[in-house]
Ligand code: CP3
């Protein structure tokens, strides 16, 4: 059997057609997702019901034939397993109880006490490793400590991550203890996903872009390096995709510094820039503007061809620069797939 295309790209192979999957490919833009979510009752129940979480993971594979499936879960399930309260406000997004000092950090559970709560996620992995088509790569994931901590500190999403920056600058010891705790727990969480069948892990650092200078090195690069090294020690050869979103110049050298096999690129930088500065060192993933999944048409075809052409001389996994949005039209995803695969 020939090896799966995503795994080949992650080893540095240049393929005639890039393999493709989309961030948030299971989601509200799909009517079948909305139906299964309604069956589950709400988003968190969907995440914690293995049969249904596996079903929504499979839906976009059946419809579009993507080369990879990503586990259906959320980066905020880990802080919940550490003891934070988590809920989703309809139309607004996640809300959490806040962790803002050393006492709060000490009150969180330890890294080995998270698995009871997360057991349904591991069960979802087991179902998927049996049920995915043999050519489809199965990707597990976690949020990176900085991004996860921004939600734990503020109790919600925020544009500039002000509360997390404030804790970092006013109570360094508590901030560092929180990131260390999340880092340790992330290693255990991802290890269980791999033991349950995930073949690749992706590290989402959605808010890495607000870390500047030495902070970027200490709180984006270092945790990614630690998590990658420990996972590769436990699972030799395990491929790791790192996504320090909006890192800008921070993308340069990120793979070498962290040991990641692939750097995922957002669409605030051009594919030509990313090819010259990041892909020169190894596999990249990205980076079509997700807005094309709403607007479609000739603009989508042209921009897709530009991304494919820019990265064609090196290892590349086609993806969007960020998640597909609820307003996307599934027909445009079909057009995207035809454009990538039929030229
Ligand atoms: O990509 C996938 O298809 C896999 C599943 C996945 C989800 N979230 C499902 C989800 C993954 C990999 C994530 C990661 C995630 N979650 C990130 C990092 C990536 C990124 O987008 O930057 C972040 C920051 C979160 C936290 C989160 N979860 C937010 C801020 C929100 C609300 C925003 C929104 O889109 O509603 C969520 C909810 C969420 N996570 C949904 C899905 C499908 C929508 C929930 C619903 O069905 O109502």
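Where a number appears in this text, it was derived from the coordinates with a stated rule and is not lab data. Owing to the predicted nature of the structure, the values given are computational and were not obtained by experimental measurement. Backbone-built Cβ (ideal geometry, glycine too); neighbour counts: all protein chains shown.
If contacts are Cα pairs under 8 angstrom and at least 6 residues apart, what is the relative contact order of segment 69-168 in percent?
Details: 101 pairs, mean separation 39.6, N = 100.
It rounds to 40 percent for segment 69-168.
How would you order 178-187, 114-123 from highest to lowest mean count of nearby Cβ atoms within 10 Å?
Final packing ranking: 178-187, 114-123.
For segment 220-243 and segment 254-289, write down the distance between their C-alpha centroids in whole Å.
Each part's Cα centre sits 17 Å from the other's.
Could you work out the relative contact order of the chain, using alpha carbon pairs under 8 angstrom and six or more residues apart, expressed as a whole percent?
Values: 632 pairs, mean separation 68.9, N = 343.
Averaging sequence separation for qualifying contacts and normalising by length gives 20 percent for the chain.
What is segment 117-266's relative contact order, in percent, from Cα pairs under 8 angstrom and six or more apart in sequence?
Details: 219 pairs, mean separation 38.4, N = 150.
Rounded, it is 26 percent for segment 117-266.
Share of antiparallel DSSP beta bridges in the chain, in percent to the nearest 5? List each step's numbers first, then the result.
Details: 5 of 29 bridges.
Of all bridge pairs located within the chain, approximately 15 percent are antiparallel.
Just to verify a number: FRET efficiency for residue 313 and residue 131, C-beta to C-beta distance, R0 = 56 Å, to 0.05?
It comes to 0.95.
How big is the chain by the Kirkwood estimate over distinct Cα pairs, in Å? Show your work: numbers first, answer last.
On the way: mean 1/r = 0.0496 Å⁻¹.
Over the chain, the inverse of the mean reciprocal pair distance is 20.1 Å.
Just how far, in whole angstrom, is segment 165-203 from segment 46-111 if you go by their alpha carbon centroids?
14 Å
Just from the alpha-carbon atoms, what are the Rg and Dmax of segment 264-335 in angstroms?
11.9, 35
For the modelled label position 7 Å from the Cα of residue 109 along Cα-to-Cβ, which residues of segment 75-91 have backbone nitrogen atoms closer than 15 Å?
Taking a point 7 Å out along Cα→Cβ of residue 109, the residues of segment 75-91 whose backbone N falls under 15 Å are 76-86.
At a 10 angstrom cut-off on C-beta neighbours, averaged per residue, how do the peptides 168-174, 333-339 rank from highest to lowest? Mind showing how you got there, number by number?
Values: 168-174: 13.9, 333-339: 17.7.
Packing order, densest peptide first, comes out as 333-339, 168-174.
Using 7 Å Cα-to-Cβ label points, what is the residue 101/residue 341 separation (nm, one decimal)?
Between residue 101 and residue 341, the label points sit 5.7 nm apart.
Taking the Cα atoms only, what angle lies between the long axis of helix 31-40 and the longest principal axis of the chain, rounded to 10 degrees?
Roughly 30 degrees between the two axes.
In deg cm²/dmol and to the nearest 500, what is the mean residue ellipticity at 222 nm of the chain if only DSSP H runs of at least 4 residues count, each as -39500 (n - 2.57), divided by the residue total?
-14000 deg cm²/dmol
Quick check: the angle from helix 50-64's long axis to the longest principal axis of the chain, C-alpha only, nearest 10 degrees?
Here the helix axis deviates by roughly 30 degrees.
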